[in-house]
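Notes to accompany the following structure.
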Amino acid sequence: MKVLKIIGIILLVLIVLIVILAFIAPKKYSVERSEVIDSPKELIFGHVKYWRNWTAWLPWAGNDPEMQVTIEGTDGEIGSMYKWVGDPKITGEGEMTNTGVKSYEEIAFHLHFIKPWESESDGYVRLAEANGGTMVSWGMTGEVPIPWNIMLLFTSMEKMVGKDFEKGLVTLKDICEKEAQAVSNYEVKEVKFKQKKYAVIQKEVPFSNIKQFYAESFAAIDKTMRKQYARLVGAPAGLYYSWDEQKMITDMAAAVPVSKSISSEEIRTITLPVAKAYMVDYYGPYSGVGPAHLALELYLVKNELKIKFPIIEEYITDPESEPDSSKWLTKIYYFAE
């Protein structure tokens, strides 16, 4: 009985000690890290607004080749979710939900870790003008319930995730500054787009099938032109009516400027009217056209212009006559209002 009494006293003391520590220990935590990035905020915001871009700079993603990511909802809008399942020892399982967006200023989100242990917190990425670029701040706040908050007496969220935040921001800085440098190579020109009549084949095409779609469509249009005695009167083009990076699909048309209207089961003729456009000249292989498009997108955003579709790529150089892809000229047109 004496032993049981001693054990009871010890347990009582431990319980009292736990209660005291629980009330002494902090319940809330807050972590924030910042980095100045030499890039326009409009460029950076695209990397933090859309979940599809997070995996490229999240510090944990690069350490876990097994991590599987899914995005639900309309990426970039409130309610969209970034879900991941990975190695329990590295990334575990969890989800982030977009809870607020302020254009070019902030994205707010709710973070829910599911495995290996469950916890919830609120986070944000904020952008602000700074000398030499844009200040990007990545932060997280939360509350640890009693009695688990006792752990905060022996460790801190600052130590647990602070260095990861720093690592992620450095990666984001590297990505954005390289993009900004590439974009700076392009001069956006305001031009008058002349009226053009195109024979087109339009479809929804997965990104992976664009090259094949062009090859098959241009061949089909050429065959029909010959049969219906139409002439080529300019450079072939691609007309892009949508570009869905979440679903990896585009609504596009292979377009050939023609001297007269032609038609078939899959071909129709359209006329694009005279309009003011914004244009860049891109030299290089078709796979490297991204920065040229980004230069135009940023130009429209900075000048508060709203894009009007289609976006046009005119393929001026014939690859069969010029084997050096660095000399291929593509003229890219954006319409806006």
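Modelled spin-label separation between residue 274 and residue 174, with each label point placed 7 Å from Cα along the Cα-to-Cβ direction: 5.1 nm.
Dipole magnitude for the range 185-279: about 600 debye, using +1 per Lys or Arg Cβ and -1 per Asp or Glu Cβ, origin at the Cα centre. One chain, two ends: residue 259 and residue 325. Fully extended at 0.36 nm per residue, the span grows by 20.9 nm beyond their Cα-Cα distance. For the range 95-114, there are no residues whose amide N sits under 13 Å from a probe point set 7 Å from the Cα of residue 129 along the beta carbon direction.
Grab the Cα-Cα distance for residue 104 and residue 303, subtract it from 0.36 nm times how many residues apart they are, and report the gain in nm with one decimal.
Computed gain between residue 104 and residue 303 is 70.3 nm.
Averaging Cα coordinates gives a centre for the range 78-126 and one for the range 206-262; these two points are 41 Å apart.
Could you compute the net charge surrounding residue 47? Neighbours are other residues with a C-beta less than 12 Å from the C-beta of residue 47; K and R count +1, D and E count -1.
Numbers: positive: 41, 49, 52, 173, 178; negative: 42, 174, 177, 179.
After counting each charged neighbour, the total is +1.
Summing -39500 (n - 2.57) over the DSSP H runs of n ≥ 4 in the chain and dividing by its residue number, what mean residue ellipticity at 222 nm do you reach, to the nearest 500 deg cm²/dmol? Don't skip to the end; give the middle numbers.
Numbers: 5 runs with 90 residues, N = 337.
After summing the helix terms and dividing by residue count, I get -9000 deg cm²/dmol.
Order of 90-96, 293-299 by packing, highest average Cβ count within 10 Å first? Intermediate values should be presented prior to the final figure.
On the way: 90-96: 18.3, 293-299: 20.1.
The packing order, highest mean first, is 293-299, 90-96.
Full extension of the chain between residue 233 and residue 111 yields a length gain of 38.3 nm, computed as 0.36 nm times the residue separation minus the alpha carbon distance. Note on the chain: with charges restricted to the Cβ of Lys and Arg (+1) and Asp and Glu (-1), its dipole about the Cα centre is near 440 debye. Which entry is the computed Rg/Rh (Cα atoms, Kirkwood Rh) for this structure: [x] 1.16; [y] 1.09; [z] 0.96? Read-out taken from this structure: [x].
Under DSSP H, which helices of the chain have Cα atoms covering 30 Å or more of the helix axis and a Kyte-Doolittle average no less than 0.5?
2-24
Where a number appears in this text, it was derived from the coordinates with a stated rule and is not lab data. None of these values were measured; they are calculated from a predicted model. Here Cβ is always computed from backbone atoms with ideal geometry, including for glycine, and neighbour counts include all displayed protein chains.
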